[in-house]
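Engineer: My questions all concern the structure below.
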Amino acid sequence: MEANRRHALALQQLHRHHGTPDGSGIINATTNVASSDLLTPQQEAVLRAVQQGCSIFITGSAGTGKSFLLGHIIAALRRIHQPDAVFVTASTGIAACALGGQTLHSFAGIGLGRGDRDTLLRRAATSHGAAKRWRRAAALVIDEISMVDGGVFDALDYIARALRWQHRRWGGLQLVVSGDFFQLPPIKAPDPTKEFAFEADCWDSSFDLQVELTHVFRQSDSRLIDLLQGIRRGEPIPQQHLLPLLEPCSKGGECDRDDEENVTRLFPRNDDVRRVNEERLRSLGREVITFVAADTGSEPWRSQLRQGIAPEVLELCVGARVMLIKNTDPAAGLVNGSTGVVTGFIVEEEEDGGGGVGRWRLLPRVRFERGTGGGSVEVTVRREKWDVMEGEKVMARRTQVPLILAWALSVHKCQGMTLERLHTDLSRAFGCGMVYVALSRVRSLDGLRLSGGGFDPGKVKAHPKVVQFYHHHLASSGPPTPLLLPPAGTPTSRWP
Ligand SMILES: Nc1ncnc2c1ncn2[C@@H]1O[C@H](COP(=O)(O)OP(=O)(O)OP(=O)(O)O)[C@@H](O)[C@H]1O
């Protein structure tokens, strides 16, 4: 009851701030819109708010349809603004790919996002494409916000104001941000007081409304949903609840080869990901072609190249499952995170960059599945460059074929995915949110296989600041019914 009352109050608040398109002054959460009748009333209300120009933060546990709703929101934003003024981004390449967008860092032109806000502003301002994007943008969508730290979030607001010559929040951009802070945190936040985006100085003022979606779509078994909710909040789980559910997933012999072929392997640590991918490559029994990165520059910058995503040595063969690690052709849907299979190799003369005769190189042909729109496309994957910059100067550069093997993935790469079948070993899980992200990918326990000793409740962790953040917003009692939350900075007395 309490939650429903707050929902109604929040909708009234929304109406007071933004009016309604038909002038009736009524925003009805249950109104049906022909183009979006698959949405729940709560998702529908959020879409309406966006259509009215609100900047919104959408949160909710894994599988509550945040990305699904973003798909509807993006379509709506493209009808409201010029389609090329709506920029769709996510903190990871795979999540960006699923939405047909690009990574937030590549949109913003901030490289790896290291440095203070003026350094990042200079980087964005001197990257011709980025400055143009910032000025052209009318709306910016950011998915998987949990992996963006507060320092970067503040810097982006600063860059938006500076490059768009407008002092208003985000330089007047309409902002739609989505994510669940109980999922993976940023990899390394330089400022411990701004570990999470919600700790950014500009967080409260960035949104008209913050919304929590509460209906879980990905799973239908209520016992599994309850278990995942407990794991999400890092609560101790009684063994009598856990064992009957997860024990069957840990049993059973090795899957046969045909079965394994179609199951994504997930690991917390990259060395396990590498080991499994190498084993799978060798098991194909085909000739392996090695691509060695060409690195230039001096230390200490050169060693930073090794921390980047592009591998120093890339081994491929026909049949290898691969993932693209650069936006090579966004218009054709070939973006960071696209997955495919190597179909062959061709010899091609590569330009030397100065108009002269280049070298002959062997390059892979890959058939990529297309995330949006379906179908597949076969292309030659040419070498790309990764730079370590100091200001505007390139200090070191790696040139490599922009692919990695993708039979096994890290938990970090899979955030945002829905997987029908998953084989994971969480014995080496670390940090907050990792067990939750891995387990919440599957639709049902039938699709889950746990190896490495089964499930260890000791690995379940939620960050106290995140618990606090959600507690602050959901402080009042009452069941988790559909709820629209007021802006974080709104005095609680206005939201009884
Ligand atoms: N209104 C809806 N009707 C039917 N299915 C829905 C609806 N909303 C979401 N779904 C489905 O639920 C599943 C999970 O949705 P989605 O991936 O958008 O969740 P999410 O909240 O983004 O999850 P995560 O936090 O793990 O990224 C998807 O298969 C999606 O198609």
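The values are calculated or read from the model by the stated rules, or taken from the named source; none is laboratory data. None of these values were measured; they are calculated from a predicted model. Methodologically, a virtual Cβ is constructed for each residue, glycine included, from the backbone with ideal geometry; neighbour enumeration extends over all protein chains shown. The accessibility values were calculated without ligands, DNA or RNA, using every heavy atom of the protein model including side chains. Shrake-Rupley method; radii C 1.70, N 1.55, O 1.52, S 1.80 Å.
Engineer: Can you give the translational diffusion coefficient of region 41-217 in µm²/s, computed by Stokes-Einstein from the Kirkwood radius over Cα pairs at 4 °C and 1.567 mPa s?
Structural biologist: On the way: Rh = 16.0 Å.
Using the Kirkwood radius from Cα pairs, D works out to 81 µm²/s.
Engineer: Just order 276-285, 174-183 by mean Cβ neighbour count inside 10 Å, highest at the front, would you?
Structural biologist: On the way: 276-285: 15.1, 174-183: 24.5.
Put in order of decreasing packing, that is 174-183, 276-285.
Engineer: Could you tell me the center-to-center distance, by alpha carbons, between region 134-205 and region 286-330 in angstrom?
Structural biologist: 30
Engineer: Turning to a different aspect of this structure: Please compute the net charge surrounding residue 440, taking Lys and Arg as +1 and Asp and Glu as -1 over other residues with Cβ under 12 Å from its Cβ.
Structural biologist: It works out to a net charge of +3.
Engineer: Under a Cβ-Cβ cut-off of 12 Å, what is the net charge of the residues other than residue 151 that fall near it, where Lys and Arg count +1 and Asp and Glu count -1?
Structural biologist: Charge balance in the 12 Å sphere: -4.
Engineer: With 18 Å as the limit, write out which pairs from 66/461; 66/465; 194/465 have Cα-Cα distances beyond it, or answer none.
Structural biologist: Violating the 18 Å Cα-Cα cut-off are 66/461; 66/465.
Engineer: With a 1.4 Å probe and all protein chains left in place, how much of the accessible area of region 41-217 comes from carbon and sulfur atoms, in whole percent? Write out the running numbers ahead of the final one.
Structural biologist: Details: 3230 of 6040 Å².
C and S fraction of accessible area: 54 percent.
Engineer: Could you provide, to the nearest whole Å², the per residue accessible area of region 300-350 with probe 1.4 Å? Kindly include the intermediate steps, with their values, before the conclusion.
Structural biologist: Details: 2200 Å² over 51 residues.
About 43 Å² of surface per residue is accessible.
Engineer: Show which lysines lie in cross-link reach of residue 385 when reach means a straight Cα distance below 28 angstrom and same-chain residues fewer than eight apart are skipped.
Structural biologist: Within reach: 132, 188, 326, 393, 413.
Engineer: Net charge within 13 Å of residue 71 by Cβ-Cβ distance, Lys/Arg positive one each and Asp/Glu negative one each, not counting residue 71 itself?
Structural biologist: +1
Engineer: Accessible area per residue for region 41-217 in Å², computed with a 1.4 Å probe and the full protein assembly in place, what is it?
Structural biologist: 34
Engineer: Under the rule of at least 5 residues apart or a separate chain, name every residue whose amide H is placed under 5 Å from the amide H of residue 322.
Structural biologist: Residues meeting the amide H criterion: 340, 341, 342, 406.
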